1. Round to the nearest 10 and report in Å² the accessible area of residue 686, as given by a 1.4 Å probe over the protein chains' heavy atoms.
2. What Kirkwood radius, in Å to one decimal, follows from the Cα pairs of segment 59-147?
3. Run the quick spin-label model on residue 480 and residue 494: label points 7 Å from Cα toward the beta carbon, then report their separation in nm to one decimal.
4. List every residue whose amide H lies under 5 Å from the amide H of residue 216, counting only residues 5 or more places away in sequence or on a different chain, with H placed 1.01 Å from N in the peptide plane.
5. So for segment 149-236, averaging the separation of alpha carbon pairs under 8 Å that are six or more residues apart and normalising by length, what relative contact order in percent results?
6. Please list 457, 662, 289 in order of solvent-accessible area, largest first, computed with a 1.4 Å probe with all protein chains present.
7. Return the loop-located trypsin sites (Lys or Arg not before Pro) in segment 462-546 (DSSP other than H, G, I, E, B) with at most 16 other Cβ atoms within 10 Å of their own Cβ; answer none if there are none.
8. In Å², what does the accessible area per residue of segment 106-201 work out to with a 1.4 Å probe?
Amino acid sequence: MARKRNEEYKGDNEDEEFEEEPVEEFEDPDDFVDDVNDEELLGDLLKKKPCETDGMENVIVVDEIPKVEPARQEKLENVIKKLFTTCGEIVNVYYPKDDNGYTKGYCYIEYKSPAQAEEAVKVYSNYRLDKTHTLLVNIFTDFQKYESIPVEWVPPTAQPYTPTVDLYSFLTEPDAYDQYCVVVDNGSSPSQVQFWQNSLPDPTELHRKDKFTEQTVKWSPLGTYIVAFHKQGVAIWGGPQFQRINKFPHIGTTHVEFSPKENFIVTYGLATASGGSKVIIWDIRTGLEKRSFVADPLAPTSIFRWSHDDKYVASMGDGAIHIYETDTFFLLEKKSVKIPGIRGFAWSPTDNIIAYWVAEQTDVPAKVTLMDIPKKREIRMKNLFNVADCKLHWQKCGDYLGVKVDRFSKSKKGGLKDQDVKFLGMFYNFEIFHMREKDIPVDSVEIKEPIAAFSWEPVGDKFAIIHGEGAGGSNVSFFEAKKGQKVSLVKKMERKSATHLFWSPRGGFIVLANCTQGVFEFVDTSDFTIMNTGDHHGAFQCEWDPTGRYIATGLGAHKVKDDHSYYLWSFQGRLLRRNNLKNFLQLFWRPRPQTLLADAQQKEIKKNLKKYYPQFETKDRLRQTRASKELLEKRAKLREEFLDYRQKRIQDYESLRIKRIELRNNVDTDTLEADKDNLEEEIVECLVKEETTFV
C-alpha cells in the first residue's frame with residue numbers, strides 16, 4: 001500500500017516513519033453513462049492530431065499533361081520543370097506511370113513553400129501547353145477539402161475588415177500639392193531622405209527617414225512606391241508614412257527599373273562567376289522572382305524594354321529581339337525575332353509597336369523598321385544610306401518617332417575600290433515618322449552641324465535641337481510636325497550656351513540649361529519669348545514637377561565640397577526659394593499617374609478656363625490672407641513673450657535696488673544717472689583721414 005512520509009523525521013540513521021493513505025474508490029457505477037465526447041475533453045489535443053495531408057500545402061497536382069512513352073519522358077519533364085520553376089524553387093517532381101511505362105497524364109510538384117505553390121496555381125491554371133493540352137493545376141490539399149463539402153450550404157461568417165496601407169493617399173490632397181524627396185548624405189552611414197509637400201506659401205515637411213538608403217532613391221513611374229538600396233537588395237516603400245511594402249533580396253543591386261504599370265521591378269546585381277551581372281525580374285505584389293538572366297558585362301546598364309501595358313518585355317542580343325510575355329515570362333510564340341545586324345530598338349510609349357534599326361552592310365543599306373506586336377508584322381520600313389549610328393526618340397504621346405541619323409559625307413575620286421572613297425566629315429538627319437497618319441509618312445530634317453541634344457515636346461507637335469560648336473555658343477532650333485504637313489522650322493535661337501533641353505511635362509514651356517555653368521533660360525514656345533534667365537552656379541540637376549508649374553535645380557555634395565543647395569523656380573523663371581542644405585545630394589519630384597479625364601473633357605476645361613479663374617484667385621487670396629494672419633499672430637505672440645520677459649527683468653531690477661545702494665556706499669546711482677545736472681559733456685576729436693595734395 002502506498003505510504004507517505006511522516007512530518008516528523010527521525011534522523012539519517014533511523015528508519016523513516018510513514019502513515020497510511022486512505023483508500024478511495026474511482027470506479028464508475030455499473031449504470032453510469034459517459035456523455036462527454038472526445039472533442040469536449042481533448043479538443044486542444046485533437047487539433048494537433050497528425051493528418052495525412054500535413055506538410056502537403058506546398059504540393060500541387062498538374063493534370064492534363066501529355067501521356068508519353070518512356071523515350072519522350074525526359075523532354076516532357078524538362079518542359080514542365082522549366083515552366084513551373086518560374087514560380088519558385090522546386091523540391092521534388094513525381095510522374096505516375098502505367099504498367100507499360102507511359103505517363104498517366106498528371107504529375108505532382110513539391111515547392112519549397114506554400115506561397116510558391118499558390119502562385120503556380122494562379123499562374124498556370126488553364127495554361128495552354130499546346131494545341132491539345134490545357135493544364136489544370138490544384139493544391140494537393142484541395143482534394144480533401146472538396147471531398148468534405150457539406151450537403152447543406154452554410155453562409156460564410158463575415159470577417160472583420162483589416163485596412164491596408166493606402167498607397168494612393170498622395171493623390172487625395174485637397175489642393176493637389178505635389179511632393180518631392182531630398183536625399184542628404186550622412187557620410188559613411190546610409191543617407192537620410194526627407195519627404196516634402198510643395199505647399200504654399202512654404203513647403204511642408206511630411207516625413208524624414210534617417211539611414212534610409214545606401215545609394216540613392218528612385219520613384220516608380222506612377223509615384224506609388226519609392227525604392228531604397230541596401231547591401232542585401234532593395235526595398236519599396238509607400239503610404240502616408242512611407243511604410244515598407246516589400247523587399248527584394250538581390251545582393252549588390254546597383255540599378256532598378258519599373259514596368260510602366262508598376263507590376264514588375266527589375267534589379268541589376270553583382271557580377272556572376274561567368275563575368276556578367278545577374279538581372280532579376282520580380283513581381284511587386286507578391287515579391288516573387290519571375291525570371292532571372294545573366295547580362296553581358298559590356299552591355300548597357302539597362303537591357304530590358306517594356307511595352308506600355310506591361311504585357312511584354314524585350315531585350316536584344318545575338319542578332320535578335322527576345323520578346324517575353326509577362327504572363328509566363330516565356331518567349332512570345334516560343335521563339336525570338338531574328339534580325340541580323342540589329343543595333344537598337346525601342347517600344348512605343350502608347351502602342352505595342354517596336355521600332356528598331358539595322359546597321360548598314362555590304363550592298364545593303366541600313367534601315368529603320370516598325371513592327372507590330374504580337375503579330376510581328378512590319379508596318380513601316382525606311383532605308384538609310386551612309387549610316388554611322390542611329391538613335392530612336394519616341395514622343396511621349398506616341399504621335400511621332402524621331403530617328404537621329406549620323407551619316408558619313410564622302411566622295412569618290414574615280415576609282416571603284418574602297419580606298420578610293422574620301423570621307424569629308426559627318427552630317428546629321430532626323431527622320432520623323434508620323435505615327436497617327438495613314439501609311440505613316442516620313443519627313444527628313446537635315447542638320448549640317450554636330451548635334452548636342454534633341455528633345456520632343458511631351459504634349460504637342462514640336463521638338464528642339466541644340467546644334468553647332470562655335471566659339472560664340474550653340475544654336476537652338478525649334479521644329480514643328482503638324483498633321484498632313486511637312487516638318488518646318490519655326491524658330492532658331494542663335495549664340496546660346498545651352499547644353500541640355502528640359503521640356504515641361506505639359507508642353508509649351510522649355511528650359512535651355514547650361515548644366516556646367518548653372519545658367520537656365522525659361523522660354524515660352526507659343527511665341528518663343530525668353531521669360532527669364534536664372535543663375536544657380538554649378539547646378540547640374542534640373543527637374544520639372546509633374547504638373548509643369550515648378551522646376552527644381554540642384555548642386556549636390558558628390559559634385560562640389562561646399563555650397564550644397566537646391567532652388568525652386570516657377571515655370572516662368574521666378575526664383576521662389578533658395579535652400580542651402582549641407583551634404584545635399586539630389587531632389588526627385590514624385591510622379592503622378594495620367595489623368596482619368598478624356599481628351600474631350602480636358603479640352604472643355606481649357607476652353608472654359610476663365611470660369612475657374614475667380615475660384616482659384618479667391619482661394620489664393622484666402623491662402624495669402626491666412627498666411628498673413630498666421631504671421632501677424634506669430635509676431636504678436638513673440639511680442640507678448642518679450643514684454644513678459646522684460647517685465648520680469650524690471651521686477652528683478654527693482655528688488656535688488658537696496659543691495660545695489662549698499663554696494664555703492666549708500667549712494668543711489670540710479671537717480672544720479674537720471675539727473676541731467678550731474679552730467680558732464682566732453683568732446684573728443686580723432687583723426688579719421690589724412691590726405692596730401694600736390695599743387
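1. About 110 Å², rounded to the nearest 10.
2. The Cα-based Kirkwood calculation yields 13.3 Å.
3. Using points 7 Å along Cα→Cβ, the separation is 2.2 nm.
4. 229
5. It rounds to 17 percent for segment 149-236.
6. On the way: 457 10, 662 120, 289 70 Å².
Highest to lowest solvent-accessible surface, that is 662, 289, 457.
7. Filter output for segment 462-546: 482, 483, 486, 506.
8. Values: 6030 Å² over 96 residues.
The answer is 63 Å² per residue.
The values are calculated or read from the model by the stated rules, or taken from the named source; none is laboratory data. Everything numeric here is computed off the predicted structure, so don't read it as measured data. Because the Cβ atoms are built from the backbone with ideal geometry, glycine has one as well, and the counts that use them run over all protein chains shown. When the accessible area is computed, the model is the full protein with side chains, heavy atoms only, and any ligands, DNA or RNA have been set aside. Shrake-Rupley method; radii C 1.70, N 1.55, O 1.52, S 1.80 Å.
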